[in-house]
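Contents: one structure, followed by commentary.
The values are calculated or read from the model by the stated rules, or taken from the named source; none is laboratory data. Note that the structure is predicted; figures quoted are calculated from it, not measured. Backbone-built Cβ (ideal geometry, glycine too); neighbour counts: all protein chains shown.
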Amino acid sequence: DQGVEAGGILNAAKYGGRHHVSLIPGDGIGPELMDSVKTIVNVAGSPIDFEEIPLSAERGTDEDMRRAILSIKRNGVGLKGNLETFEANTDYTVMGGMTSKNVQLRTKLDLFAYVQRCKSIEGVPSRYSDIDILVIRENTEGEYSQLEHFNVPGVVESFKIITEAKSRQIAKFAFDTAIKTRRHRVTAVHKANIMKLSDGLFLDVCRDVARDYPSIEFNDVIVDNCCMQLVARPQQFDIMVLPNLYGNIIGNIAAGLVGGPGVAAGMNIGRKYAVFEAGTRNSGRSIRGKNIANPSALLLTTADMLEYLGDAEDAKKLRNAVLTVLRSGIRTPDLGGSSNTKEVVDAVVQYLLQVRGH
Ligand code: ATP
């Protein structure tokens, strides 16, 4: 089973037995992959109505953002593509107005945890076949505070914010997830030997939280060694808990080890809301409109969303459909295959129609 089991239905709008989900297609390959999701959800007969929100590089005013946030607050659950940030302004010496829309969404909705399951998939070419890592990343502070300025020309100050409260929240989430998913070990990743105060606080809090979970093994690893261990012997990792930027980097390494951006699923979880998106959060601008993007990551993400909404059976069917198609060799070029997006989606549709017929 590829599922994650994190979260649960906290605040999901349901009208007449159907869930309402805010859909933000985003930029790059987002819109075409969301079309695939809509097709599949329709064929599967899952009780979901999407409320489409036009937020993108072109539609990115404060009002667009306000509406997107209102919609997610109303529905409780969102599904999104990646939003590009440096669309108009690639001048890195000017800061004004350049904050990432993805980061704004996560902080304004307080989606404090990012969860990425990186599990080997049978049939997907990769160096190892026995990886199953849950990367749990603090999603709202750290280096993503976007507080940077020039002191004087040529000198930049950039703030990394680590708080005890957010560190405790993510550490507790990691251990609670370990219990819920019957996993055995939580590893905190840090650079406390250099970032003594900030990462030191993160590590201390993780150690403190670990004492409340005697049945879960706890250890820690410095982020540079973690990278080396991950590529050399990734099987040693079970759940990893990390501050924001390390989580981004380690999450990408872990995703790369099991097939890359085309297959890794992801979810942003908060106390009240959840927003699902493909695990490595790429926009794939250079492959947009070519019918070659791999839809698997977003479809597996959709399965996780169905599970979160309480529809475990549809979630399992969709996950099985995607995994069966990947196993069968119908694969996009990122996995060394020669099929296109539509052929993969058609194969998933065929599988779903077959199991529906039984
Ligand atoms: P570009 O797509 O222009 O290279 P980028 O350099 O910002 O944009 P990302 O969007 O970060 O790249 O994506 C990283 C790589 O992963 C790119 O080579 C992209 O084509 C690839 N990629 C991302 N998502 C998918 C997907 N769903 N299927 C196949 N390849 C993907």
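Quick notes on this one:
- Positions within region 332-357 being crowded, with 17+ Cβ neighbours inside 10 Å and assigned to a helix (DSSP H, G or I), in sequence order: 334, 335, 341, 344, 345, 347, 348, 349, 351, 352
- Within region 283-298, residues that are at pLDDT 95 or above reach partners that are near the ligand (Cβ under 6 Å from one of its atoms) and not in a loop (DSSP other than H, G, I, E, B) with beta carbons closer than 6 Å, at six or more positions or on different chains, in the pairs 293/287; 294/334.
- Residue in region 183-199 that is farther than 28 Å from residue 319 by Cα, touching a residue at least 40 places away in the same chain (Cβ under 8 Å) and surrounded by fewer than 17 Cβ atoms within 10 Å (Cβ to Cβ) present: no
- Meets criteria (within 26 Å of residue 125 (Cα to Cα), more than 19 Å from the chain's Cα centre (by Cα) and within 16 Å of the ligand (Cβ to nearest atom)) for residue 252: no
- Selection from region 280-290 of residues that are within 11 Å of the ligand (Cβ to nearest atom) and outside any helix (DSSP H, G or I): 280, 281, 282, 283, 284, 288, 290
- Checked against the criterion of being touching a Leu at 6+ places or on another chain (Cβ under 8 Å) and over 17 Å from residue 26 (Cβ atoms), region 346-355 has at least one qualifying residue.
- Test: residue in region 124-136 that is closer than 17 Å to residue 251 by Cα, modelled with pLDDT of 95 or more and among the small types (Gly, Ala, Ser): no
- In region 263-292, residue surrounded by the fewest Cβ atoms within 10 Å (Cβ to Cβ) [restricted to those that are of a type in the set (Ser, Thr, Tyr) and more than 8 Å from the chain's Cα centre (by Cα)]: 286
- Qualifying residue in region 177-184 (condition: of a type in the set (A, V, I, L, M, F, W, C) and more than 30 Å from residue 334 (Cβ to Cβ)): yes
- If only residues of region 32-55 that are buried (at least 17 other Cβ atoms within 10 Å of the Cβ) and closer than 17 Å to residue 287 by Cα are counted, the one that is farthest from the ligand (Cβ to nearest atom) is 34.
- Criterion violated by residue 84 - all others in (1) touching a helix residue (DSSP H, G or I) at 6+ places or on another chain (Cβ under 8 Å); (2) modelled with pLDDT under 95; (3) surrounded by fewer than 19 Cβ atoms within 10 Å (Cβ to Cβ) satisfied: (3)
- Tally, over region 292-331, of residues that are within 19 Å of residue 119 (Cα to Cα), within 16 Å of the ligand (Cβ to nearest atom) and not in a helix (DSSP H, G or I): 3
One line per residue, one yes/no per condition, for (1) in a strand (DSSP E or B); (2) in contact with a helix residue (DSSP H, G or I) (Cβ under 9 Å, 6 or more places away or on another chain); (3) polar (S, T, N, Q):
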| residue | (1), (2), (3) |
| --- | --- |
| 102 | no, no, yes |
| 115 | yes, yes, no |
| 135 | yes, yes, no |
| 167 | no, yes, yes |
| 170 | no, yes, no |
| 173 | no, no, no |
| 188 | yes, yes, no |
| 202 | no, yes, no |
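- Qualifying residue in region 259-279 (condition: among the polar types (S, T, N, Q), more than 14 Å from the ligand (Cβ to nearest atom), modelled with pLDDT of 95 or more and touching a Lys or Arg at 6+ places or on another chain (Cβ under 8 Å)): yes
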